[in-house]
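The values are calculated or read from the model by the stated rules, or taken from the named source; none is laboratory data. The model shown is predicted, which means the values in this text are computed figures rather than measured ones. Cβ placement follows ideal geometry from the backbone for every residue including glycine, while neighbour counts extend to all protein chains displayed. Ligands, DNA and RNA are stripped out before the accessible areas are found, and what is left, the full protein with its side chains, is counted by its heavy atoms. Shrake-Rupley method; radii C 1.70, N 1.55, O 1.52, S 1.80 Å.
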Amino acid sequence: MMGAGKQSWQLRTVLSALMVVTTLVTVGTVGSLLLWVRIPQLEQESKEALARETHDLTARVEILLGALESQMVLVGHALQMSGSAAQSSAILDRAIGDGHAFRAIYLASRAGTVRAAGLAPDLRSRREELLGGDLSANPLFVASRGQHEIVWSDKYLSGLSGAVTVGLAVPLDDGGILVAEVPLTYLLSTFELAAGQRSSSIWLVDRTGEIVADTREGRSVGTVNMLNQPIVQAAIKGQTLPAEFRFEGGNYYPAVAHSKKLDWYFVAGSPAGLGNKQVQGAVIFVGAGFLGSLLVGLLLAPFWASWFTKPLRNIVERAGQITRGGVVGQWPRGSITEFNDLSSDLGQMADSLREREQKYLAIFNGFPVPMAVTDANNHYVHLDVNDAWCDVFGRQRTAVVGHTGLELGLFQSPGSRAELRESPSLVSDGGSAKMVGESWLLHSNGTPILGQIYARMVSVGSARLRVVAMVDITELRRIENELRNLNTELETRVAGRTQALETLNEELSVTVVNLRQTQAELVRAEKMAALGGLVAGVAHELNTPLGNGLLAVTSMGDVVRDFRAEMQAGLKRSALEGFLVTVEQGADIATRNLQRAADLVSSFKQVAVDQTSSQRRSFELAEVVNEMVTSLAPSLRRTPYRLVVDVPSSGLRLDSYPGPLGQVLGNLINNAVQHGFDGRAHGVIRVAGTRAPDGAIVLSVADDGKGIPAALVPRIFDPFVTTKMGRGGTGLGLNIAYNAVVNLLGGTLRVTSVEGEGAVFEVRLAETAPLSGGNGHLA
């Protein structure tokens, strides 16, 4: 049964969930490992492919722009054969054509003077403004003249059109320089043609970091400078490129190619992480596998779990039939060994429970005292009554079970029933059976029966049962009434003679003597009561080992009878070995239990001999303490209190009287149980033995009970001083202990106590008791 507040689940549901979770964990783990291995590979492959694409694009752009260089070289040869500036300008105009590839071409002398100019159709009206202009300070002109080779410029602002353009300078054989302005739109279209369709982004960057063209429809041209990007700086300085770089809100794997011919940089970036299509594909593939496994698990798990739990459900159903009192035959079997073992074990358990139930029913019905079991959760309906109950009340069990006492008319008056039901012993659980009161009950023929009721509440699972026993005291109460009447008559007679007795001083003296003798008798009775308590406890403790030993011996007798029967039918080796094993086990059980009983009797015998003889002898303090604790253990075991002993086994030897010392210890322990723990459900008694600095041996008994009232401490050892007078206390226990310590053992007994924190009794003993105390009699 599940505890309160806990959710319970069917095994089928748990197994289905376990299968699904196991599948998901397996697929998730394998998928994660695949991604952990594959993603770095995909990233490396993307970087390598990006580097190849960048170098290929660089070569293609160089080829495409090389066509412009070749065209300019041919134009230069044609200009060298022309005779005039007008012819040169015409040749340059034809080279420009519609202005798509070139917007302007200048022919400059070696000194930088513009001798001829070719312009796009929409700019030719400004030709006269350009002729004679000076290009000597133009960086492109200077670089081409100094290197005497074809040079491409960085992006710059055209002085003619005011548009951003790129320059191309071609040196001529006569020392002149041919300078052409290429529009960015042409570079962009050429770059896109060379790049084709690709997922990566590539930017064409000049020496100043300006983006000349890109594969993203020119969105970055003229808006971003990449000179300070770590990837560009690493490429310029010839260092290793970073693993990733961030540009315009995206993360990219880098690749850079430098065109020596153009002196530009081709910066390429492939989306990094989940932005990479290959990585996305791998993640989607693993995710699809995970979801597919989840779907398959959800579809297959219920069928698999149902098949697996079917044998267990059959076993549970059979167990439920047993619980409800039904009788079943063969327990279900299946193809799973563990379930078959469980079925066999449950079958054996059911047989054992049935045998035990029959045994308890036999004991219940054989008990001579009328007993009844009622349901406290259901108006105290009778669940069962024993045969003695049926005999005393003259009723049939079938007519009683299922009815309350009120319905059966058991109570002579409703007040008697209400008084019993409100008794604390009938309401609280646990503990031993207690007398809860007396009540007049009715026989089936109407005859009143005075019963002394004993009851105990027992919890069995969620059910609360009340076990009630009744002792018929009708005749006993009749005799008590007669004695009460006689006592009344005696009291009347005594009252009549009181006046005469008052005049008799001698008789008063005799009365005083009688009182002293009565005190002495009470002291002896107190000792015998303590010894009687030990006897009762030891007797109760002996029941268990003696019962076990008797059961073992009885079982061996049954085995012997079976063995003899087998001998007559023909003895087998297996039967002989089984007989020997059984007898050996039975003998071992009987020996251990009888030895335990012998040890208990020996310990009690020593305590009894010591307390009755008061003989003087030499002994270790631990010897007497352990014997006394052993004798008190049975009675203490029936209480919720613990006894802790801390006495060394040697080093505290006494030449004294062990009997009175044991009685002192017993009285102190009983005093703690009866008074210190009165009304408490827990407590600890500590017995300790030590040697004081002055050589005296100190025995202390301390408890953590409610302590002694401060007003009672100064006279705690006086006779008849008790807090339970009239409730089982005589007030002589501590007085007996004090007289024994002082008069017989030659020691002292003192107490310290703080109310609410317990009490400590300290006994100081001389190593050698005085000789005058040898008579062993205590006042």
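Of note:
- Single unsatisfied condition, SER158 versus (1) among the hydroxyl-bearing types (Ser, Thr, Tyr); (2) closer than 19 Å to SER259 by Cα; (3) touching a residue at least 40 places away in the same chain (Cβ under 8 Å): (2)
- One residue from MET457, MET435 being modelled with pLDDT under 85, open to solvent by 50 Å² or more (accessible area, probe 1.4 Å) and under 59 Å from the mean Cα position of the chain (by Cα): MET435
- Restricting attention to segment 138-155, the residues that are assigned to a loop (DSSP other than H, G, I, E, B) and either touching a residue at least 40 places away in the same chain (Cβ under 8 Å) or open to solvent by less than 50 Å² (accessible area, probe 1.4 Å) (or both) total 2.
- Restricting segment 342-361 to residues that are open to solvent by 80 Å² or more (accessible area, probe 1.4 Å) and of a type in the set (S, T, N, Q) leaves a set whose member that is farthest from the chain's Cα centre (by Cα) is GLN358.
- For beta carbons closer than 7 Å, sequence separation of 6+ or different chains, a first residue in segment 619-643 that is surrounded by fewer than 16 Cβ atoms within 10 Å (Cβ to Cβ) and a second that is part of a helix (DSSP H, G or I), the qualifying pairs are THR639/VAL673.
- Count of residues meeting criterion [in contact (Cβ under 8 Å) with a residue 12 or more places away in the chain, part of a helix (DSSP H, G or I) and of a type in the set (A, V, I, L, M)] in segment 330-352: 3
- The sole residue among ALA319, ALA272, ALA305 that is modelled with pLDDT of 75 or more, more than 30 Å from VAL182 (Cβ to Cβ) and open to solvent by less than 60 Å² (accessible area, probe 1.4 Å) is ALA272.
- Being open to solvent by 80 Å² or more (accessible area, probe 1.4 Å) and either assigned to a loop (DSSP other than H, G, I, E, B) or at pLDDT 85 or above (or both) holds for only one residue in PRO693, PRO709, PRO719, PRO714, and it is PRO693.
- Residues considered: LEU24, LEU65. Of these, the only one that is of a type outside the set (Val, Ile, Thr) and closer than 19 Å to ALA194 by Cβ is LEU65.
- Test: residue in segment 125-137 that is modelled with pLDDT under 85, in contact with a helix residue (DSSP H, G or I) (Cβ under 8 Å, 6 or more places away or on another chain), at negative phi and part of a strand (DSSP E or B): no
- Single residue of segment 652-671 satisfying the filter (in contact with a Gly (Cβ under 6 Å, 6 or more places away or on another chain) and assigned to a helix (DSSP H, G or I)) that is nearest to ARG764 (Cα to Cα): ASN667
- Residue that is nearest to THR447 (Cα to Cα), among those in segment 368-406 that are open to solvent by 40 Å² or more (accessible area, probe 1.4 Å), free of Cβ contacts under 8 Å to residues at least 40 places away in the same chain and part of a loop (DSSP other than H, G, I, E, B): GLN396
- Residue check for ALA688: surrounded by fewer than 18 Cβ atoms within 10 Å (Cβ to Cβ), free of Cβ contacts under 8 Å to residues at least 60 places away in the same chain and either touching a strand residue (DSSP E or B) at 6+ places or on another chain (Cβ under 9 Å) or of a type in the set (Gly, Ala, Ser) (or both): yes
- On inspection, GLU338 passes the criterion of being more than 25 Å from LEU441 (Cα to Cα), modelled with pLDDT under 80 and either surrounded by 12 or more Cβ atoms within 10 Å (Cβ to Cβ) or under 42 Å from the mean Cα position of the chain (by Cα) (or both).
Rundown of residues vs (1) within 25 Å of TYR252 (Cβ to Cβ); (2) modelled with pLDDT of 85 or more; (3) surrounded by fewer than 21 Cβ atoms within 10 Å (Cβ to Cβ), yes/no style:
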residue: ARG38; (1), (2), (3): yes, no, yes
residue: GLU43; (1), (2), (3): yes, no, yes
residue: MET81; (1), (2), (3): no, no, yes
residue: ILE96; (1), (2), (3): no, yes, no
residue: ASP122; (1), (2), (3): no, no, yes
